[in-house]
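Inspection log for the structure reproduced underneath, given as structure tokens.
The values are calculated or read from the model by the stated rules, or taken from the named source; none is laboratory data. Treat the numbers as computed from the prediction; the structure is a model and nothing was measured. Positions of Cβ are backbone-derived with ideal geometry, glycine not excepted, and every protein chain shown enters the neighbour counts.
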Amino acid sequence: MSGRLLQLAWRNLWRNPRRTFIAMAAIALGYTMLLFVACLMAGLRWQMIENGTRLVLSEIQVHAPGYYPSRSIQKTVGGGKGTDVSALLGAITADSRVYAAAPRVYGYGLASASHGSSAGVALMGVAPDQEPKVTALNTLIVKGSYLTRLMPNKIVVGDKLASVIGVEVGSEIVLLTQAADGSMGNDLYTIGGIFHTGLDVMDRNLVLMPLASLQELLHLTPARVHEVGIKLYDINEATAVAAALEARLSKTLPVQVSAWPELAPDLADYVQFNHGVTLVLFFIFFLLAVIGIMNTMLMAVFERTRELGMLMALGMRPVQVIGLIMAEAAGLAAGSLVLGGALGAPLLWYLQKHGLDLGGATGEVVSVAGVVVGHLWYGRQDFSAYAQAAVGLAVTALVSALYPAWRAAHFRPTEAIRKV
Amino acid sequence: MRWHKTTMGLLAGLLLLSLGQISHAADDQQARKIVDRVAQLFSGKSSIATLQMQISGENGQRDLTMKIWTQGENALVRITSPAKDAGTAILKISGDIWYYLPKVDRTIKAPSSMTMTSWMGSDFTLDDLVKESDLVRDYSLANSFEGKRGEVAVYEYTLTPKPGAVVVWGKIVLQVRQANLMPAWQGFYDEDGKLVRELTFSDYKTTGGRLMPSRLVMRSLDKPGQQTVIVYQAVAFDVPIGAETFSLPNLKR
């Protein structure tokens, strides 16, 4: 395509600025809308992953091989003797992509209040100083306070569990479990705090206690932990970092390192599904855009029948006519994307910074597609989706221009120049 | 004459047929009686037993001794050694299970499902020890084999759960020694017909005026190398036990 043709196309576009501008505005607004949707969807995915990983799961977990998912109490990292836990944490945080790491111990047991009501519970022992750097359960305490190393017999339970067995902050509670040596581990604790996550399975079943206290209850030595939870600076690196850690740690200690998509396959599927929904929305919009752009270009072609006929009579070949119309469409698309991007940028910035207020004045917690998003739905920048939308729209514009261009190429100059 | 012979033959045939049915019914009765007797062997109307439990597996070996009181549906188990567990007591009364934990000096009520899970880390469940399930009530019996298993001549019964019975096993096979109608082997199968646990009886002795196997070995086949041996040291049957034995205050004692 010659430079002259492009120049001609550009002039043609601005010969009727109002028509061009209206067409551009339509496409630009469409692009802005796609940016808006992509940003909110990315925010939803991010919130899903946050909810899924930041409560107790964490982004990467280190286990003894075979511990996950059966969670046999015997399968501590390093086997029956355990391992030097602080050295292991040091080896993990030596990776510059790791933000923090925290050791954990798990068990199952019976929680029984002093007046006789009891419930089966999942016991999770965490390091009170380190765990809050990896997960955020400590921020969800609604009554009392989070664990502290100085009060080994103070434990934290979910609000549903507390109401099921009838305990308050300050109540005594007996935990009964089968310890690692087969004996009946049991001890008396005080409820130090109550949390509310909004997830029934946690609020109803989880008992959180200091790592050392659960190790003692389960008759595990301090060297024996079941898991190390890891938080990264960038969660998108989880799978890569997990593989790197497994390769490096396995040289001295048999371990299995898993990233969150492996630990929570449902969550990974959900995120995938959300991606899919975004693309379907894009596609529907592209289909609508095809009709709009084709209409604009057809109008532009028919309006200029005489002019095009003249050009052809002067010796412009049909291929060149097609090139001219396509170049006009490309110019229209490029202009629209710039305009749409300019309109969208402040909107995207606002969504990320301030969120979309769903609850309004009520401030109620709102969930979208089963994800608790709070009353503000925050957006998240997803530049690859923005680029996909841009490329998709450009391709759509060119495809839509094919038919008008083909029509123009088939004008008969002798008839065309006589059209008024 | 010919007519006579035919009639006689017919009569004899009918007689044999009905005799067969009677003996089949008697067989069934007999089987129920034997199985019921085996099931009641370790408890009777009431009993007081002292036993030793040796649990071995991947965590090494643990020895426990305990005393068990039973009367009808009620039972009390008190651990007497080792020191770490001594004083721990379990009371089963009107379908409820209570644990007394000396370490924290608290009595807690346990969900009844706990009777079906590993007890004190052994291969036995609490249900095995204090007989919550009633084999004859919950299972239908079939004579599945009669003859030698190894060196020993046995009757073998296959027990399948009756519809609606609340039981954990898909099938139980019980072998009883023909010589003394004592249990020899009991296999517990899951719903897929896979053998999950096997219980071997031996060392038949007369204790408390009753012949019974004094050594029981339970092996869990899904945990290789893990087994629990129970040795009955002293058993007294049908002794009067005061009702206060099966009470919460006595649990703490």
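Here are the numbers for the structure shown:
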item	result
Check on A:LEU89, more than 13 Å from every other protein chain (Cβ to nearest Cβ), out of contact with any Leu (no Cβ under 9 Å at 6 or more places or on another chain), buried (at least 21 other Cβ atoms within 10 Å of the Cβ) and not in a strand (DSSP E or B)	yes
Subset of region A:256-309 that is of a type in the set (S, T, N, Q) and under 26 Å from A:LEU324 (Cα atoms) - its residue that is surrounded by the fewest Cβ atoms within 10 Å (Cβ to Cβ)	A:ASN295
Single residue of region A:162-184 satisfying the filter (more than 8 Å from chain B (Cβ to nearest Cβ), without any contact (Cβ under 8 Å) to a residue 40 or more places away in the chain and not charged (D, E, K, R)) that is surrounded by the fewest Cβ atoms within 10 Å (Cβ to Cβ)	A:GLY170
1 or more residues touching an Asp or Glu at 6+ places or on another chain (Cβ under 9 Å): qualifying strands (runs of 3 or more DSSP E) within region A:118-232	A:141-144, A:154-158, A:172-178, A:184-195, A:206-210, A:227-232
The lone exception for B:GLY170 - which of (1) at pLDDT 90 or above; (2) surrounded by 18 or more Cβ atoms within 10 Å (Cβ to Cβ) it fails	(2)
Hits in region A:206-223 - residues which are crowded, with 21+ Cβ neighbours inside 10 Å and within 14 Å of another protein chain (Cβ to nearest Cβ)	A:SER213, A:LEU217, A:LEU218, A:LEU220
Subset of region A:92-117 [among the hydroxyl-bearing types (Ser, Thr, Tyr), within 14 Å of another protein chain (Cβ to nearest Cβ), over 17 Å from A:GLU216 (Cβ atoms) and part of a strand (DSSP E or B)]	A:SER112
Output for region B:174-184, where each listed residue is buried (at least 16 other Cβ atoms within 10 Å of the Cβ) and touching a Phe, Trp or Tyr at 6+ places or on another chain (Cβ under 7 Å)	B:LEU174, B:GLN175, B:VAL176, B:MET182, B:PRO183, B:ALA184
Tally, over region B:76-134, of residues that are assigned to a helix (DSSP H, G or I), more than 9 Å from chain A (Cβ to nearest Cβ) and surrounded by fewer than 22 Cβ atoms within 10 Å (Cβ to Cβ)	4
Number of the condition not met by B:ARG37 [criteria: (1) buried (at least 16 other Cβ atoms within 10 Å of the Cβ); (2) under 16 Å from the mean Cα position of the chain (by Cα); (3) more than 14 Å from chain A (Cβ to nearest Cβ)]	(1)
Residue list for region A:185-203, restricted to those being of a type outside the set (A, V, I, L, M, F, W, C) and either closer than 30 Å to B:ASP85 by Cα or within 14 Å of chain B (Cβ to nearest Cβ) (or both)	A:GLY185, A:ASN186, A:ASP187, A:TYR189, A:THR190, A:GLY192
Considering residues of region B:41-75 that are within 11 Å of another protein chain (Cβ to nearest Cβ) and among the charged types (D, E, K, R) only, the residue surrounded by the most Cβ atoms within 10 Å (Cβ to Cβ)	B:ARG62
Answer residue from region B:53-78, given it is touching a residue at least 40 places away in the same chain (Cβ under 8 Å) and aliphatic (A, V, I, L, M) and is nearest to B:ARG215 (Cα to Cα) among those	B:MET53
Yes/no for B:LYS45 being over 15 Å from B:SER122 (Cα atoms) and modelled with pLDDT of 85 or more	no
